[in-house]
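Bear in mind these aren't lab numbers, they're just calculated from the coordinates by the rules spelled out. Model, not experiment: these values are computed from the prediction. Every residue, glycine as well, gets a Cβ built from its backbone with ideal geometry; the counts of neighbours run over all protein chains shown.
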């Protein structure tokens, strides 16, 4: 299993992408992004002029999960939210960028959460995959971190 901390290094997802011999896009040597904890949180900074693109990709991801024939994909969608910060980053190399958090609760243990893989399952056309990849890549300012978490107290219960 690939650990979340390694996955979140800036550009880690994006730098592994290449064209397959048949023209399709895939992640070379990449492993599935799975989680062991109850909850996973991934925080990213998106360029301010690319927020509409990023949000459309997340809507496309939701649609891909819901139309999948794999039952675990619908379970993933049910527990996955993407939230947006009310204010842009004020400092650092990604200053001015908009912060988004992927909050996955509950985690579907053993399910692959690699966003591009999930999108490519729904779009097998190589040209469509390349367009998705470029839009996704171009939206990123930085990966800000994240991790897996285990619930210790659920105040809703």
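Note on 83, 107: ascending count of other Cβ atoms within 10 Å places them as 83, 107, the fewest first. Spin-label model, residue 78 to residue 62: label points 7 Å out along the Cα-to-beta-carbon direction sit 1.7 nm apart. The modelled label-to-label distance for the pair residue 134/residue 53, using points 7 Å beyond Cα in the direction of Cβ, is 0.9 nm. Measuring r between the beta carbons of residue 31 and residue 121 and using R0 = 25 Å, the FRET efficiency lands at 0.95.
Among 132, 152, 46, the ranking by other beta carbons within 10 Å of each residue's beta carbon, starting with the fewest, stands as 152, 132, 46.
Counting other Cβ atoms within 10 Å as a rough exposure proxy, the listed residues 66, 58 run 66, 58 from fewest neighbours to most. Structural descriptor for region 42-157: relative contact order 41 percent, calculated from alpha carbon pairs under 8 angstrom and at least 6 residues apart. Does region 20-143 come out rounded, prolate or oblate, given a ≥ b ≥ c as the square roots of the eigenvalues of its C-alpha gyration tensor, rounded meaning a/c under 1.5 and, failing that, prolate meaning a/b above b/c? It comes out oblate by the Cα gyration axes.
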